[in-house]
Amino acid sequence: MNPRIRIALRIIAVLAAAALIAYLLVGKRAAWHSSSSAQSAAPTAGSPMGSEPQKRILFWYDPMHPAYHSDKPGIAPDCGMALVPMYESKTPAEQATTDAGLIHLPQSQQRALGVRLTTVDEQDMSRTLRTSGVVTADERNIAHVHVKTSGWVEDVYANFVGQLVHKGQPLFTFYSPDLVATQQEYLIARRGQQQLGKSPYDEVAKSSQSLLDSARERLKLWDLTDAQIAALDRTGEVSKTITIYSPVSGFVTDRKVYSNAAASGDTDLYTIADLSHVWVTADVFEADLPYVKVGEQAVIHFPYAPGKIITGRVGYSYPELDPQTHTAKIRIDVANPGLVLKPNMLADVELKIAYGRHLAVPSEAVLDSGTVQTVFVARDPATFEPRQVTIGATVDGRTIVTAGLKRGETIVESGNFLLDSETQLNAPMDMNQTNTGGTSTGGAKTGGGRMPGMDMGGGK
């Protein structure tokens, strides 16, 4: 289709929609005015013809741009439509007995405009927060292997990153002159205790035992195990090297141990991660952080196993936000039987956020101007009151109302935009009497009866 023809058809469709809205509103008002005029013109029992007060024309307005007013009939200068009269809706006596701000709409007109009602009720409000995460090792289960003195590595048993080792498994053998000297001191102290331990002099016996205990304690401080010390007692021979064992079961994630290489106490020789429990760290937007509680259950899905569900608990919420994304990290503690979860694996996380029990209404029932929120409350089947409310979170198409409504009240669920337009069309009549410019109906400021969604143009 030719682009120009397509644009022309879109313009025609927009004008047709605007004309339909104007037709509904103007036709409704004309029907009311005709009915009111007929009743005013009809004689009443016991009264002379024409004794009832007649409604007067307040002004003429453009149905396409209700802000344009004229004191006489004519044609609208911009769209070419005939100006429509705005009648006084009530006599002074009727106006004095009617609540200000109410909207009167017969049920037949409600059906024509698609007005639908609902009842305000309480319910438990909750939603599912979905975010992405990544598996990391539990930092509390990461071990670092060091030696306590300088020396040289000889034999290496755990010789590649990623190797699974078990607690007590040999990692490497280590030669250190300090360790050799300490073993010799221990054997000397042991022989002295054997010779002097049965001395008739208590001080001599106690001193020999004290020297042996001190030498044994030094060996333990050099990380010799009880089994290694027992072997030294049994053989009475100094071992050139000692074997260093793994303190935990896990995977070697870093290694700086090589045969015949020097090693010292400040070198992190091995990093071993126990992956029987892991963390899943997930990103949460700052607006959702107040609702994420420590101890709350999380449901986790992994791309490697579609349909498989793993559960965990929120263990911690980190105190910093990412300055780029304005998200914070939360930590979920997850058991990892079979070691199937691996660090840096991607995950999809679901958290259930509970808001508690609140009054809630359909979201479309709330007319939000940005600063003020309004709900139309049914006073009777044909009368509606625009009422300002205070709202909370919106969950699955329903909005929490924290103030302004009561349980059991009937409100407009659908069609409130047309009710608001009707209120705004009524505004020029009232404002004409008070000589002020504009009104605020339903919390949304209007300029002399402007219909929402219509372009006011340049100011006629």
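The values are calculated or read from the model by the stated rules, or taken from the named source; none is laboratory data. Nothing here was measured: the structure is a model prediction, and the numbers come from that model. Every residue, glycine as well, gets a Cβ built from its backbone with ideal geometry; the counts of neighbours run over all protein chains shown. Remember, those area values only see protein heavy atoms, side chains included, never the ligands or the DNA or RNA. Shrake-Rupley method; radii C 1.70, N 1.55, O 1.52, S 1.80 Å.
Observations
- Taking θ as phi - 60° and the Karplus parameters 6.51, -1.76 and 1.60, the scalar couplings of the stretch 127-132 work out to 8, 9, 8, 10, 8, 10 Hz in sequence order, x denoting glycine and proline.
- Accessible area, probe 1.4 Å, largest first, for residues Y316, Y258, Y175: Y258, Y316, Y175
- Estimated at the nearest 10 Å², the accessible area of L367 is 20 Å² with a 1.4 Å probe.
- Here's how it looks for T399: its modeled amide H is under 5 Å from those of V361, S363, which are all 5 or more places away or on a different chain.
- Note on K148: accessible area approximately 120 square angstrom, rounded to 10, probe 1.4 Å, nucleic acids and ligands left out.
- Taking all protein chains together and a 1.4 Å probe, the residues F417, F172 rank F417, F172 from largest to smallest accessible area.
- Rolling a 1.4 Å probe across all protein chains gives H144 an accessible area of roughly 100 Å².
- Pairs from K206/K240; K167/K329; K293/K406; K167/K220 whose Cα-Cα separation, in the structure shown, is over 27 Å: K206/K240; K167/K329; K293/K406
- Ranking W279, W60 by solvent-accessible area of protein heavy atoms (1.4 Å probe, all protein chains present), from largest to smallest, gives W60, W279.
- Highest-first packing order for the peptide set 349-356, 303-310 is 349-356, 303-310, based on the mean count of other beta carbon atoms within 10 Å.
- Rounded percent of accessible protein surface that carbon and sulfur make up, the stretch 226-318, 1.4 Å probe: 55 percent
- Under 10 Å, Cβ to Cβ, from R407 - net charge with Lys/Arg +1 and Asp/Glu -1: -2
- Here the peptides 328-334, 228-234 are ranked by packing, the mean other Cβ count within 10 Å, and the order with the highest first is 328-334, 228-234.
- Contact order normalised by residue count of the stretch 237-357, Cα under 8 Å, 6+ apart, percent: 26 percent
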